[in-house]
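Trainee: The structure is given below, and queries will be raised subsequently.
The values are calculated or read from the model by the stated rules, or taken from the named source; none is laboratory data. It should be emphasised that the depicted structure is a prediction, and the values quoted were computed from it without experimental measurement. Ideal geometry is used to build each Cβ from the backbone, glycine not excepted, and the neighbour counts take in all protein chains shown.
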Number of protein chains: 2
Amino acid sequence: MPELRKDPVTGRWVIIATERARRPMDFHREPVKIQGARLCPFCPGHELKTPPELLSFRDTGGANAPGWRVRVVPNKFPALRVEGQLDREGEGLYYKMNGIGAHEVIVESPVHESTLAELQEKNVEEVFWAFRERILDLRKDRRLRYILIFKNHGELAGASLEHTHSQLIALPVVPKRVQEELDGAKRHFDYRERCVFCDIVKHEARDMRRVVLETEHFLAITPYASRFAFETWIVPRRHESHFENAESSVMRNLAWVVRAAVRKMDRVLEWPAYNMVMHSSPVQEGPLEHYHWHIELIPKISKVAGFEWGTGFYINPTPPEEAADFLREAGLP
Amino acid sequence: MPELRKDPVTGRWVIIATERARRPMDFHREPVKIQGARLCPFCPGHELKTPPELLSFRDTGGANAPGWRVRVVPNKFPALRVEGQLDREGEGLYYKMNGIGAHEVIVESPVHESTLAELQEKNVEEVFWAFRERILDLRKDRRLRYILIFKNHGELAGASLEHTHSQLIALPVVPKRVQEELDGAKRHFDYRERCVFCDIVKHEARDMRRVVLETEHFLAITPYASRFAFETWIVPRRHESHFENAESSVMRNLAWVVRAAVRKMDRVLEWPAYNMVMHSSPVQEGPLEHYHWHIELIPKISKVAGFEWGTGFYINPTPPEEAADFLREAGLP
């Protein structure tokens, strides 16, 4: 059973994933790479290589048969599991709970060779609908307090399979980095009676120096204090604390803007590896006035070294205004 | 002039290093690699390839001549600079200050081919004395609130030159990750009237499951909530908030324990890239009862992917008790 352990100094939680336990020799081997579609567990016809599906959008066929357009399955090597009781246990100084939660994979397309940015807009929209449906289902389990959706694209970003996919992790705690955003946003709201993300959207739309893309419902910006070169945030213009509450018109527009932002990044940085994460509000909370869901897109083009680990302090070699210039001017291929 | 910018949501500071400004094409080139000693700016005889030295321990020769054993120079491409006034400036929502600070390089040995772990114990001790001397000098500048010393070993850990060296960055702010440790340690102290690190040392020395090495003055442990596989902390047994206040006997013992811990890691993980960071108290503060300096050693053997960036939540595939078993049992080569 995986464990969630709390650092006694900072209060940071860590998943100790005992079920994937790795001994020293395991780190020398490169992750098993599937070359091409023949052995890929995410390709149509190989549905039985994954655990049974949780959701699919399909043209034909029944569950776990080909004919799907988007497919969600449990992760075969989950960092957390749904089964069991949520037990908490202290041990002297230390505090842990068992690793209750969920770890799922969203296979974004049946086509092995396509990247997310190359998919049809309609297809990308269905990926976001799948995220939404999984959140609505998982939040019924009141033990699960936070659901994180993220995508690792390319080996440098941590992807071990090349077939385009995202992941979802549902957690019994609100993770520290999200809690910091929630707390900071709350302080801003208490002081100014406005959502800090709404303020950022207004400021950036007026200033324009850090705007990469504007659409009816979204602003894509390189944030003022970007941690990474070419870091891009996709922020809804209208206030909404929970992604899963977004309206249909917003969801449709989201597919367009995410695809366009990644395409611009591909063009400027020549198809880099990247991480994309969605930050939304804790799923058991009602609508929040002070927090605003958004997506963070981080190309993996330089290494994070000791300085950043030690301090939580980042050195970004590219001013966000310059990054935005390059991204804004890149056409959409 | 580099800028320090504050994220309006979380309060996290970022250095926007305009003097190293990188355009998209710069990221495609691999960092210029010095192959061998012939062109290395850190090798004896090449002293004029670095800015003039700030400190050296030497057998013969004057400043900036060969004959040194350890040498400290300003970073040629500094992320921060000592010159100028510390100006603060708001801009609507946003807040920045100019990048006042220092960025120095500690060349640990004249021998190009040696790693830190391969140096003589006496030599490693002098490296720590050099750290101490630079801190004592820099803290006279009252604008500098925090001094971080770190080492990137190997390209995967972000090192761009292979000649063994560490770096020092002096900052006009206390960085967020350190502030979190200070705050967490303060909460623990307020509640229990004991230093949390002292409590960890006591607990671990009794429990032994996570102890890698024990010496007269130090404990090397794999922390209970290790973020990374084989993460190791080196913690002084006796309470001391500031590294620069450590006694001579502690400094001597530190050289031995750091060298031994890295050698064990080299043996178990086959000479991995690693980051090493020293966490100490803010330099303008007097002795603190609640905080305890220590060193964190992190082998770079797996990639940090979207999940970790998005949440500040880590998945560690190797339980620290197992990592400690491997490290404890590895002999010292």
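Trainee: Can you tell me which of B:199, B:141, B:207 is assigned by TED's automatic domain parsing to the domain that holds residue B:70, surrounded by fewer than 23 Cβ atoms within 10 Å (Cβ to Cβ) and free of Cβ contacts under 8 Å to residues at least 60 places away in the same chain?
Mentor: B:141
Trainee: Give the number of residues within region A:288-332 that are modelled with pLDDT under 95, assigned to a loop (DSSP other than H, G, I, E, B), more than 21 Å from the chain's Cα centre (by Cα) and more than 7 Å from every other protein chain (Cβ to nearest Cβ).
Mentor: Of the residues in that region, 3 qualify.
Trainee: Please go through region B:267-287 and give me each residue that is crowded, with 19+ Cβ neighbours inside 10 Å and assigned to a helix (DSSP H, G or I), ordered by number.
Mentor: Answer for region B:267-287, where residues must be crowded, with 19+ Cβ neighbours inside 10 Å and assigned to a helix (DSSP H, G or I): B:268, B:269.
Trainee: If residue B:263 passes every condition in (1) closer than 30 Å to residue A:232 by Cα; (2) surrounded by fewer than 23 Cβ atoms within 10 Å (Cβ to Cβ); (3) among the basic types (Lys, Arg) but one, which one does it miss?
Mentor: That leaves (1) as the condition not met.
Trainee: On the basis of being assigned by TED's automatic domain parsing to the domain that holds residue A:107, out of contact with any strand residue (DSSP E or B) (no Cβ under 8 Å at 6 or more places or on another chain) and not polar (S, T, N, Q), does residue A:156 make the cut?
Mentor: Considered against the rule, which asks whether it is assigned by TED's automatic domain parsing to the domain that holds residue A:107, out of contact with any strand residue (DSSP E or B) (no Cβ under 8 Å at 6 or more places or on another chain) and not polar (S, T, N, Q), residue A:156 comes out as yes.
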